[in-house]
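None of the figures in this text is laboratory data; all of them are computed from the coordinates on show. Computed from a predicted structure; not experimentally measured. Quick reminder, even Gly has a Cβ in these numbers, built from the backbone with ideal geometry, and neighbours come from all protein chains shown.
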Amino acid sequence: MTLVFRPASERFHSQLDWLDSWHSFSFSHHHDPAWMGFGPLRVINDDTIAAGRGFGMHPHRDMEIVTVMVDGQLNHRDSMGHSEVLRAGEVQAMSAGTGVVHSEMNQGERACRLLQIWIEPGREGHAPAYRQEPFELGPGWTPLLDPDERQGALAINRPVRLWRAQPAAGERLALAIAPGTSGWLQLISGQGTAFGQPLQRGDGLGFPAARADSFEASADGADLLLFELR
């Protein structure tokens, strides 16, 4: 497996009066057979939603939907009876399973930004489920998803691991993932370098475990996600 580089500028773009959304992979009416996902990672949407607007009630099934809240707040409501406010630094994990209907509305006073991530489950037919947790980012990688729920991470219906980090200028982070897996690096903000490839906000980079390297943040630091996929 070779490196897979997805430049931010080449992502699909959806622009509405209330939504500015960048899609790393095919989504909605944007379709390209070359960009249908990366392993079980099916969607990474970088969404900015205007105040008072959002996604009304709509259905999903047989997909693990993870939201990493970057800025502002989002109000969640679903057919399982949950009504929650998702704030910056929090992560939402919703298993659509056999079917769920939900809405995500920005009822705050300013625009919000989030990364919505879809991961294919290990099998179809799970019961719908919902969890939401705040994460305080410390030095190095902070686990957000983990099948064993280590360090308070959330588990989904696939043995995927996800970490977030905010390295300072010049800081190096190892991109160590388990043998036999593949990794995906996604830049939320800032800049840096991995595998000799300069990376900036919105860039994505896929790699095999055998090519594990490190990420070095540039002068202004960075905010990034690391997936371990199997």
Hey, of [x] 18.8; [y] 12.0; [z] 13.7, which did the structure itself give for mean projected area of the Cα convex hull in nm² when calculated? [y]
Using Cα centres only, tell me the gap between the stretch 192-228 and the stretch 76-110 in whole Å. 29 Å
So if each residue of separation counts as 0.36 nm, and I subtract the Cα-Cα distance between Asp220 and Met80, what length gain in nm does that give? 46.2 nm
Mean-position separation - Cα centroids, the stretch 174-188 and the stretch 130-149, in angstrom: 16 Å
Could you compute the FRET efficiency for Ala34 and Gln151, with r as their C-beta to C-beta distance and R0 at 41 Å, rounded to 0.05? 0.70
Theoretical gain in end-to-end length, Asp62 to Val4 [0.36 nm per residue, Cα-Cα removed]: 18.2 nm
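Output the peptides 201-210, 171-180 sorted from most to least packed, where packing is the average of other Cβ atoms within 10 Å over each peptide's residues.
Working: 201-210: 18.9, 171-180: 15.0.
Answer by packing, highest mean first, reads 201-210, 171-180.
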Read phi for every residue in the stretch 48-62 and hand back ³J(HN,Hα) as whole Hz from Karplus 6.51 cos²θ - 1.76 cosθ + 1.60, θ = phi - 60°, with x for Gly and Pro. 10, 10, 5, 4, x, 10, x, 9, x, 4, 8, x, 9, 8, 6
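May I ask what percent, to the nearest 5, of DSSP beta bridges between residues of the stretch 127-211 are antiparallel?
On the way: 13 of 14 bridges.
Percent antiparallel among DSSP bridges in the stretch 127-211 is about 95.
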Whole-Hz ³J(HN,Hα) for each residue in the stretch 151-157, computed from phi via Karplus 6.51 cos²θ - 1.76 cosθ + 1.60 with θ = phi - 60°, x for glycine and proline: what do you get? 6, x, 5, 8, 10, 10, 7
Could you give each residue of the stretch 74-86 its phi-based ³J(HN,Hα) in whole Hz, using Karplus coefficients 6.51, -1.76, 1.60 with θ = phi - 60°, and x for Gly or Pro? 9, 9, 9, 9, 8, 6, 8, x, 7, 9, 10, 10, 9
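If you take every residue apart from Leu19 with its C-beta less than 12 Å away from the C-beta of Leu19, what net charge results, scoring Lys and Arg +1 and Asp and Glu -1?
Working: positive: Arg53, Arg113; negative: Asp17, Asp20, Asp46, Asp47, Glu104.
In short, -3.
Which order do peptides 113-121, 53-61 fall in by mean Cβ count within 10 Å, highest first?
113-121, 53-61
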I need the fraction of alpha carbon pairs in the stretch 91-224 separated by more than 20 Å, rounded to a whole percent. 53 percent
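How do the peptides 9-15, 97-103 rank, highest first, by the average count of neighbouring beta carbon atoms within 10 Å per residue?
Numbers: 9-15: 13.9, 97-103: 16.7.
Sorting 9-15, 97-103 by mean packing, highest first, produces 97-103, 9-15.
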